[in-house]
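Nothing in this text is a laboratory measurement; each read-out follows from the coordinates by a stated rule. These numbers were taken from a predicted model, which means no experiment stands behind them. So basically every Cβ, Gly included, is an ideal-geometry build from the backbone, and we count neighbours across all protein chains shown.
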Amino acid sequence: MNMPTASIPAAPPLRRQALVNTGRGAVPTIHGLHHFAYRCRSVEETRHFYEDVLGLPLVFTVYHDKVPSTGDEHPYCHIFFELGDGGCLAFFDLFDGKACEPDPATPSWVNHFAFQVEKRADLEVMKARLEAEGVEVIGPVDHKIFDSIYFFDPNGIRLELVFQTAPPEVMKAKAGEAHAQLARFEEMRRHYFAKGAHGG
């Protein structure tokens, strides 16, 4: 059974201008994030956190008993929360009370979502809101080009809120250096593997 739902409205124009990605000829430009989806243990618990605490409105829900892309028989609810630029963060509730399971081989600080806020003061406001809900918050942390706070959602997903401190011209200069930096990082990686630091 497929429950009727409204369609997702068209996203507004992207708020940030791309540094260098203005089209690459034959390769179509990927303009932005439509949605990123994760598993959640409860749609209402997840809704409360993202809508009531973080202020992301719930804009779309859908139920299926069969997966459209694979044809697998599996009932689920899919919910979407809208970001300020029109992209969405989405979740699947598989009706089994289980959240997404972290990879035991990956440190807990590696995989995360980072969302941008408009003012430095917004980090402090959001930190206070989260701590009032009993959520542990790290930061603000100064990364030189942006400041961040870090925390986990009810499903064990690490989140980051970012205020960009570096101006566009600084970031554009860093974009021009990125490939050279990457080559240096690759050389460092080969060095670590040669020393057996990663069991290679």
Using only Cα atoms, tell me the angle between helix 168-194 and the longest principal axis of the chain; keep it within 0 to 90° and round to the nearest 10. 80 degrees
Projecting each Cα onto the charge dipole of the chain (Lys/Arg +1, Asp/Glu -1 at the beta carbon, about the Cα centre), which of Phe36, Leu89, Ala183 comes out farthest on the positive side? Ala183
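Let me check I've understood the local charge: for Phe49, count other residues with C-beta under 13 angstrom from its C-beta, Lys and Arg +1, Asp and Glu -1. What total comes out? List each step's numbers first, then the result.
Details: positive: Arg41, Arg47, Arg129; negative: Glu44, Glu45, Glu51, Asp52, Glu133, Asp153.
My count for the surroundings of Phe49 gives -3.
Near Lys98, within a Cβ-to-Cβ distance under 9 Å, what is the net charge of the other residues, with Lys and Arg +1 and Asp and Glu -1?
Working: positive: Arg39, Arg41; negative: Asp96, Glu101.
With Lys, Arg at +1 and Asp, Glu at -1, the neighbours total 0.
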Apply the Karplus curve 6.51 cos²θ - 1.76 cosθ + 1.60, θ = phi - 60°, to the phi angles in segment 35-42 and return the couplings in whole Hz, x for Gly and Pro. 7, 10, 10, 9, 7, 10, 8, 7
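Using DSSP to define loop residues, name the chymotrypsin sites (Phe, Trp or Tyr not before Pro) in segment 130-188 whose beta-carbon has at most 16 other beta-carbon atoms within 10 Å. Don't skip to the answer; put the middle values down first.
On the way: sites: Phe146, Tyr150, Phe151, Phe152, Phe163, Phe185; in loops: none.
Nothing satisfies the criteria.
Quick one: dipole size for the chain, taken about the Cα centre, charges +1 on Lys/Arg Cβ and -1 on Asp/Glu Cβ, in debye to the nearest 20. Write down the numbers at each step before the final one.
Working: 20 positive and 27 negative charges, 192 e Å.
I would put it at about 920 debye.
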Given the C-alpha centroids of segment 53-83 and segment 97-143, what is the distance between them in whole angstrom? 23 Å
Give me Cys100, Cys88 sorted ascending by neighbouring Cβ count inside 10 Å, so fewest comes first. Cys100, Cys88
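Count the net charge of all other residues whose Cβ sits under 14 Å from the Cβ of Gly156, scoring Lys and Arg as +1 and Asp and Glu as -1. Mind showing how you got there, number by number?
Numbers: positive: Arg39, Arg41, Lys98, Arg158; negative: Glu45, Glu101, Asp103, Glu136, Asp153.
Residues close to Gly156 contribute a combined charge of -1.
Where in the chain lies the longest segment free of trypsin sites (Lys or Arg not before Pro) that are both loop residues by DSSP (not H, G, I, E, B) and have at most 13 other Cβ atoms within 10 Å?
Working: sites that count: Arg15, Arg16, Lys98, Lys119, Lys144, Lys195.
After excluding every exposed loop site, the longest remaining stretch is 17-97.
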At a temperature of 37 °C and a viscosity of 0.692 mPa s, determine how fast the chain diffuses translationally according to Stokes-Einstein, using the Kirkwood radius over alpha-carbon pairs as Rh; express D in µm²/s, rounded to the nearest whole number. 166 µm²/s
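For a quick check of your reading of the filter: which GluC sites (Glu not before Pro) in segment 114-149 sit in a DSSP loop and have no more than 11 other Cβ atoms within 10 Å?
Working: sites: Glu118, Glu124, Glu131, Glu133, Glu136; in loops: Glu118, Glu133, Glu136.
Sparse-neighbourhood loop GluC sites (Glu not before Pro): Glu118, Glu136.
Mind sorting Asp147, Asp85 by how few other Cβ atoms lie within 10 Å of their own Cβ, fewest first?
Asp85, Asp147
Applying 1/(1 + (r/R0)^6) with R0 = 22 Å to the Cβ-Cβ distance of Ser69 and His179, what FRET efficiency is obtained, to the nearest 0.05?
Numbers: r = 35 Å, r/R0 = 1.58.
It comes out at approximately 0.05.
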When Met171, Met126 are ordered from fewest to most other Cβ atoms inside 10 Å of their Cβ, what list results? Met171, Met126
So how tilted is helix 120-132 from the main axis of the chain? Cα-based, degrees 0 to 90, rounded to 10. 50 degrees
